[in-house]
Amino acid sequence: MTLPHAARPAPPARATLRVLVRPIMLLGVFVGLAVAMGRLPGMREMLTAAPVAHVGGKGVAIFILTASAFCASGLPRQAVCFAAGAAYGIGVGCVLATIATLTGCLCGYGWGRWTGRPPMPARLAATMARLDGFVRHEPFASVLTLRLMPVGSALLLNLAAGMLGVRVVPFMLATVLGSLPQTIVFVLVGSGIRLGGAWRIGVAVMLFALSALVGLWLMQRVRMGRPDMARVSR
């Protein structure tokens, strides 16, 4: 029996490429923002002048606390990376964005570990159930893949890892490794405001493409062994 067109499952290649839509849109938005902000009078001088509010131990501490809370809330961490690149440059920006990302993810992980599985709406419960099946099977590989190819909600992934009792060290390592490529990409884009040079944005786009290819390869491998991964990534 032939399925109606609306009921036919999407071809694997199309379903796989669909997960790139959100990261590509985010990259486009931040590239446009970097170009626009870089043309504002005095913006570059304000970011590179010293002393300024974001320089020094107190400024760094405020940035980390604010950025960590932003990531812990499940908001796009790419904004944190962009801000870190604009305020601190590539090297320090990558370090601070990584610290904020890890701290924010650990907040969600710790909350999930502490609360267990509270009552939740049916749709959210179904999403958590699919994440559970994926994360429980291969904790390190699943967290690494979903960080590298951001699909769904990072906050839900943090909560699921905590609820399932995933060990904290593999969770931290997979989070850092999986988040690093996009951290570098969006820090590079943000640093374009501070330091100028279209080559930074060009390098960022090439790194994004490379990380996306690696993420797609990993996702395909996981999908071959875990059919429920296809539902998680939608």
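For the stretch 135-186, enumerate the residues that are over 19 Å from CYS107 (Cβ atoms) and small (Gly, Ala, Ser).
ALA141, SER142
Restricting the first residue to the stretch 65-88 and requiring it to be over 16 Å from PRO23 (Cβ atoms), which pairs with a second residue that is open to solvent by less than 10 Å² (accessible area, probe 1.4 Å) and among the hydroxyl-bearing types (Ser, Thr, Tyr) meet a Cβ separation below 7 Å and a spacing of at least six or different chains?
CYS71/THR101; GLY85/SER191; ALA86/SER191
The values are calculated or read from the model by the stated rules, or taken from the named source; none is laboratory data. Fair warning: this is a prediction, and the values are worked out from it, not measured in the lab. Note: ideal-geometry Cβ built from the backbone for every residue, glycine included; neighbour counts use all protein chains shown. In case anyone asks, the SASA skips ligands and DNA or RNA and just uses the protein heavy atoms, side chains included. Shrake-Rupley method; radii C 1.70, N 1.55, O 1.52, S 1.80 Å.
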